[in-house]
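Take a look at the structure below.
Every number in this text was worked out from the coordinates using simple rules, so none of it is lab data. The structure presented is a predicted model; accordingly, all values stated were derived computationally and were not measured. Note that each Cβ is placed from the backbone with ideal geometry, even for glycine, and that neighbours are counted across all protein chains shown.
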Amino acid sequence: MKNQINTTNTYPQLCELPLDKLLPRGYYNSFLNDRELYPLAKSISQLGILEPITVRPCGECFEIVCGARRARAARLAGMRTIPCQISYLSDPGAFAALLSSFLHFTPPDCFTTAELIGRFCTEFRCTEQKAAVLLGLPRYIISEKLDLLRLTKEQRREMSAGGLDERHAYIILGQPVTERQHLIEISVEKQFSPEELNRYIIKTAEEEKKLRSYRRRARALSDRHLFFNTIEKAVKIMRLAGVDISTERLSRDGFTEYIIRLPEK
């Protein structure tokens, strides 16, 4: 049975709570990595917790609203209790507080933020405008973050692991869907900055334009009669210009040979 959130003010506002009584929110806990928390754990072992984490009553335990990194690092540092600020937030309020702490204080990578905002809007049926009000952000920022979700989950994971940020993402999102995976791979491989990625796209487009032009010409010249007519017109122009030019066309062994003879001088 799911633990019920206690919304009645029956606990002191600030107190020390056992770490084994604290429950991290599942959707955030999956983003935490113990190895990344070792420096924070070392700092906590020397200085302690400088700022209480925020929790809310949840059955006989407490659910962490803000401060999951500090709580997990404190556990790694060997602490048994941690100072907590007890709050009585609703589910949407707790999620909004978590996202606010991400966006305003210790933001994760842009793709994690986008996923959490997307989950918030879906889970609580929030419009972009309402999410912006709850998170204290302009609506266009919410819209931009949600726009990142047009990349697939695998693409977002690959970009995050490869050190690409939202500036890369917006450039890539401006390209056709069929080209995005290649752009991600080449950006990670070459460690392109956003400016270098943009130059690569422009250069590639120019080269593709030239290639399409060559292909059009090749298709036109693939017509034997058109090809020979083109050569004969060029020969005629040279003769009119006074060049002593001769031609010979031979067909043998399934091939056509067209021989043009020009004087060396």
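Assorted remarks:
- Here the peptides 39-49, 199-209 are ranked by packing, the mean other Cβ count within 10 Å, and the order with the highest first is 39-49, 199-209.
- Angle between the chain longest axis and helix 224-240 axis [Cα atoms, degrees, rounded to 10]: 60
- Residues in the stretch 41-58 carry Karplus couplings, in order, of 4, 5, 5, 5, 5, 8, 10, x, 7, 7, 9, x, 7, 9, 10, 9, x, 9 Hz; the curve used is 6.51 cos²θ - 1.76 cosθ + 1.60 with θ = phi - 60°, and Gly or Pro positions show x.
- Mean-position separation - Cα centroids, the stretch 78-98 and the stretch 162-180, in angstrom: 35
- The convex hull built on the alpha-carbon positions of the chain has an orientation-averaged projected area of 27.0 nm².
- Rounded to the nearest whole Hz, the Karplus-based 3J(HN,Hα) values (6.51 cos²θ - 1.76 cosθ + 1.60, θ = phi - 60°) of the stretch 71-86 follow the sequence 5, 5, 5, 4, 5, 5, 7, x, 6, 9, 10, 8, x, 10, 9, 8, with x at glycine and proline.
- Other-chain or far-sequence residues with amide H under 5 Å of Val65's (modelled H): Thr54, Val55, Arg56
- Build a GNM of the chain with springs between Cα atoms under 10 Å apart, and of Phe124, Phe228, Phe95 the one that fluctuates most is Phe228.
- Adding -39500 (n - 2.57) for every DSSP H run of four residues or longer, then dividing by how many residues the chain holds, sets the calculated 222 nm ellipticity at -17500 deg cm²/dmol.
- Other-chain or far-sequence residues with amide H under 5 Å of Thr81's (modelled H): Leu19
- Counting neighbouring beta carbons within 10 Å and listing from fewest to most, the residues Met238, Met159, Met79 come out as Met238, Met79, Met159.
- Folded to 0 to 90 degrees: helix 110-123 orientation relative to the chain principal axis, Cα: 60
- Taking other Cβ atoms within 10 Å as a rough exposure proxy, Cys84, Cys110 sort from fewest to most as Cys110, Cys84.
- Too-long pairs where the Cα-Cα distance tops 32 Å, listed order kept, from Lys153/Lys203; Lys203/Lys236; Lys190/Lys210; Lys210/Lys233; Lys21/Lys42: Lys203/Lys236
- Secondary structure note: in the chain, about 80% of the DSSP beta bridges are antiparallel.
- For the chain: relative contact order, % (alpha-carbon pairs under 8 angstrom, 6 or more apart): 12
- For the stretch 242-259, putting each phi into the Karplus relation 6.51 cos²θ - 1.76 cosθ + 1.60 with θ = phi - 60° gives couplings of x, 7, 7, 10, 10, 9, 8, 10, 10, 10, 7, 6, x, 10, 10, 10, 10, 9 Hz, in residue order, rounded to whole numbers and with x for Gly and Pro.
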